[in-house]
Amino acid sequence: MNTKPDVKIDIEKCVGCGKCIKDCPEYNIVMENKKAKINKTTCLKCGHCIAICPRNAITIPEYNSKEILPVSIEDKLNSDQLLKVIKSGRSVRQFKDIPVEIEKIQQIIEAGRYTATASNAQDVSYIVITEKNNEIEREALKLLRILKRPLGIFISILRSITIDDNFFFKRAPAVIVIISNNKVNGSLAASNMELMAEALGFGTFYSGFFTAVVNKSLKIRRLLNMKKSQKAVTTLVIGYPDVTYLRTVPRKKAIVQFE
Ligand SMILES: Cc1cc2nc3c(=O)[nH]c(=O)nc-3n(C[C@H](O)[C@H](O)[C@H](O)COP(=O)(O)O)c2cc1C
């Protein structure tokens, strides 16, 4: 049996301020003899207690403490800048023939890794395609071309699409398939990854068609070494953009209801 505690409190460092107790979403910490003490065995391992402790007295042994960074007020985003970035972010489908550096892929994945997940499940994983792009695209094309006509009877978008040889990846040098059994968790991670990719100078688009195909094709799943239980939530296609947009685009009015 694993008796390792989920959360460790260094009693020597703890000053009994109670901040961790107040912030713990699982009510998992209590005060005992003017020191914080772990109450239950259930724990989200969300790390709020680590983030809030003024004496850095708390650790979660399962995680690498060296990854923890100090947070300051300057780390907050500027709201006007953020909205401008969101408004000007386009789906990029024209890419330069330049590979994507592995360190930059890792940084994009970090943005996914640190995104919130329901119950802190951290149940999102990633398949990075930089070598098998052509082989996989060919397989995906084969399947879509077979399915276009029969499925087109029910799915109107399939009737109108033109399937050229670069239909799925648009000659992009990198593709990340975001895997999770929780669609919301996977989608939130993907959204932050998209922002990070943009901040690194890349253009991206989501390949919904590839996501649909990867979940159907045994051959592609085999090529990607995917387990039976793994489900693609979305696919982020990434590369250096070979297109520049000069202005933002208009959108429908938001439907908002205040109660
Ligand atoms: C879930 C999702 C799936 C998408 N799938 C595709 C796709 O398979 N191929 C494609 O060219 N664009 C795809 N897109 C891009 C949309 O067409 C695009 O976001 C939309 O037209 C708005 O354009 P914009 O992103 O430039 O604002 C997808 C977008 C989303 C959010």
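The values are calculated or read from the model by the stated rules, or taken from the named source; none is laboratory data. Since this is a predicted model, take the numbers as computed values, not measurements. Reconstructed Cβ throughout: ideal geometry from the backbone, glycine too, with neighbour counts over all protein chains shown. Side chains are part of the model used for accessible areas, which takes the heavy atoms of the whole protein and leaves out ligands, DNA and RNA. Shrake-Rupley method; radii C 1.70, N 1.55, O 1.52, S 1.80 Å.
A few remarks follow.
- One residue from V177, V213, V124 being farther than 20 Å from I102 by Cα, hydrophobic (A, V, I, L, M, F, W, C) and either buried (at least 18 other Cβ atoms within 10 Å of the Cβ) or not assigned by TED's automatic domain parsing to the domain that holds I105 (or both): V213
- Here the condition is being more than 13 Å from the ligand (Cβ to nearest atom) and either of a type in the set (G, A, S) or in a strand (DSSP E or B) (or both); of A254, A212, it holds for A254 alone.
- Given (1) open to solvent by less than 50 Å² (accessible area, probe 1.4 Å); (2) touching a residue at least 24 places away in the same chain (Cβ under 8 Å); (3) within 30 Å of the chain's Cα centre (by Cα), index of the condition A36 fails: (3)
- The lone exception for S229 - which of (1) within 16 Å of the ligand (Cβ to nearest atom); (2) over 10 Å from the mean Cα position of the chain (by Cα); (3) surrounded by fewer than 18 Cβ atoms within 10 Å (Cβ to Cβ) it fails: (1)
- Which numbered condition S88 misses (of (1) among the hydroxyl-bearing types (S, T, Y); (2) closer than 30 Å to P241 by Cα; (3) not assigned by TED's automatic domain parsing to the domain that holds V177): (3)
- Test result for R149, assigned to a helix (DSSP H, G or I) and open to solvent by 30 Å² or more (accessible area, probe 1.4 Å): yes
- Close pairs (7 angstrom Cβ cut-off, 6 or more residues apart or separate chains): in contact (Cβ under 8 Å) with a residue 24 or more places away in the chain and closer than 17 Å to T41 by Cα in the range 7-22, surrounded by fewer than 18 Cβ atoms within 10 Å (Cβ to Cβ) and of a type in the set (K, R) anywhere: I9/K37
- Test: L188 is modelled with pLDDT of 95 or more, in a helix (DSSP H, G or I) and open to solvent by 70 Å² or more (accessible area, probe 1.4 Å): yes
- Filtered residues of the range 69-123 (kept if more than 13 Å from N192 (Cα to Cα) and within 16 Å of the ligand (Cβ to nearest atom)): L83, K84, K87, S88, R90, S91, V92, R93, Q94, F95
- Check on L200, out of contact with any strand residue (DSSP E or B) (no Cβ under 6 Å at 6 or more places or on another chain) and within 16 Å of the ligand (Cβ to nearest atom): no
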